[in-house]
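Below: the structure, in structure tokens.
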Amino acid sequence: MADVKISKSIVYIGADDKDIDLFESQYDVPNGMAYNSYAILDEKVCIMDTADKRVSDVWLANVKKALGDRKADYLVVQHVEPDHSGNIAKLMAEYPDMKVVGNAKTFTMLGQFFDIPDIGARSITVKEGDTLELGSHTLKFFMTPMVHWPEVMMTYEVSEGAFFSADAFGKFGTLDTDEDWACEARRYYFNIVGKYGAQVQAVLKKAAALDIKMILPLHGPILTENLGYYIDLYNTWSSYEPENKGIFIACASIHGNTLAAAEKLKEMLEAKGAEKVSLSDITRDDQAEAVEDAFRYDRLVLMSSSYDGGVFPPMEELLMHLRDKTYRNRKIAIVENGSWAPSAARVIKGYVEKFKDITLVEPVVTIKSALNAESEKALEELADALTAK
Ligand SMILES: Cc1cc2nc3c(=O)[nH]c(=O)nc-3n(C[C@H](O)[C@H](O)[C@H](O)COP(=O)(O)O)c2cc1C
């Protein structure tokens, strides 16, 4: 277990998962994943969420070590996604008098995932603003639907100002990973929570009324200092405002000519003084990182080969992700390549026209197989338009 100190009464009992190949069967996690879980030790003992069944043994051992001879009185289920609910039945078997605390949707969804015969008799259903007394600790529950599942709730512990934030403020990577928080938290946010900006804004409003001294998410490090930094980033991300001025070029090229043009465009933009230019070959680089960078910067250039009368599939994949994450409020430029009947720009435009608050930066550039003097001139015009003040 990662050596995480929280306080005398709140003990970290989560587990790191260093062997997982893809988180949620989709996201590369080169530094693994942490399934956070906490024990609150007071007159009553309360466990905050369980962990993925991939780490059952380690997690249960952590529970027992934290509790010693004591028994768990309550398990609070903030989120039913299996990476947090995978050990509920086991914990209930271990502590037969323990009650399970959730909201009405929690228990409906738990019943769909697991067959737990005595859950009905052992459940305590809470709603917005309800409290649970543990002794000197008091838990207050906040319903936070669609951050990022409908049954999600968050919990504020009054005496220590501890905000248990479910998947919000989460991050990829195990707790012993030494890396910048924002990079992997941003990739996590936009790919997993990003569709639900309005709901995250609602959470931030509720949180603003609380005296929060620490944030305890279900993934990633416990946040104890400089909380304004993290909350400000969440405010920027959930309001769909760009975080940085800069241009992200996402390029899908079959034979490399569109990629060569993307590299040329990057040079042009840098020569014209663009604040930051980031280029991804989305045929090979991580798509989730491309989604992250598309949201991070204020301008996006989509460059793709044509393919079977449409667009090269890696570009369509990115466009589908951006559509699903409700991409908006950015400037977008389009560059297509085609060797006989270029069709990529038409498909890209079809997606972009449905995004909200988008400015299309002209000209839309067409390359025929490889850059020539004419298409290079058009690319230069586009670079001018993208860097115009
Ligand atoms: C399977 C396949 C389908 C293609 N379909 C089209 C097409 O519908 N229209 C077109 O103009 N070019 C088409 N092309 C040509 C590509 O767009 C060509 O690779 C591109 O113009 C050159 O840029 P690149 O080197 O970046 O791939 C196709 C190529 C392949 C391999």
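Worth pointing out:
- Accessible area of the chain belonging to carbon and sulfur atoms, whole % at 1.4 Å probe: 49
- In plain terms, if you count all Cα to Cα distances in the range 10-225 and split them into 10 Å steps from zero, the share in each step is 8, 37, 40, 15, 0 percent.
- For the chain, calculated [θ]222 nm from helices alone, where every DSSP H run of n ≥ 4 adds -39500 (n - 2.57): -9500 deg cm²/dmol
- Values of log10 I(q)/I(0), in the order q = 0.08, 0.14, 0.15 Å⁻¹, for the chain under a Debye, Cα-only, solvent-free model: -0.48, -1.09, -1.20
- Check: the range 115-222 dipole with +1 on Lys, Arg Cβ and -1 on Asp, Glu Cβ, in debye: 460
- Taking amide H atoms as placed 1.01 Å from N in the peptide plane, the amide H of Val147 lies under 5 Å from those of Val152, each 5 or more residues away in sequence or on another chain.
- Annotation: the range 205-313 has a Kirkwood hydrodynamic radius of 16.4 angstrom, from the mean reciprocal C-alpha pair distance.
- Bridging of Lys245 to lysines at a Cα separation below 16 Å is possible for Lys266, Lys272, Lys276, Lys331, Lys389, once same-chain residues fewer than 8 apart are set aside.
- Put the Cα centre of the range 220-248 next to the Cα centre of the range 61-104 and the gap is 32 Å.
- Degrees between helix 373-387 axis and first principal axis of the chain (Cα, 0 to 90, nearest 10): 40
- Beta bridges per DSSP, both residues in the chain: antiparallel share near 40 percent.
- Furthest towards positive pole of dipole, Ala166, Trp181, Thr106, structure part the chain, Cβ charges: Thr106
- Accessible heavy-atom area order of Leu386, Leu41, highest first, probe of 1.4 Å: Leu41, Leu386
- Think of a 1.4 Å ball rolled over the protein heavy atoms: the chain then has 42 Å² of accessible area per residue.
- Residue by residue, the range 63-78 carries 3J(HN,Hα) couplings of 4, 5, 5, 5, 8, x, 7, 7, 10, 6, 8, 9, 10, 8, 9, 7 Hz when phi is fed to the Karplus relation 6.51 cos²θ - 1.76 cosθ + 1.60 (θ = phi - 60°); x denotes Gly or Pro.
- Per-residue SASA remark: Glu381, around 90 Å² accessible (1.4 Å probe; ligands, DNA and RNA not included).
- A simple charge model with +1 on the Cβ of Lys and Arg, -1 on the Cβ of Asp and Glu and nothing else charged puts the dipole of the chain at about 880 debye relative to its Cα centre.
The values are calculated or read from the model by the stated rules, or taken from the named source; none is laboratory data. Since the model is a prediction, treat every value here as computed from it, not as a measurement. Don't worry about glycine lacking a Cβ; one is built from the backbone with ideal geometry, like all the others, and counts go over all protein chains shown. The area values use the complete protein model at the heavy-atom level, side chains included, leaving out ligands, DNA and RNA. Shrake-Rupley method; radii C 1.70, N 1.55, O 1.52, S 1.80 Å.
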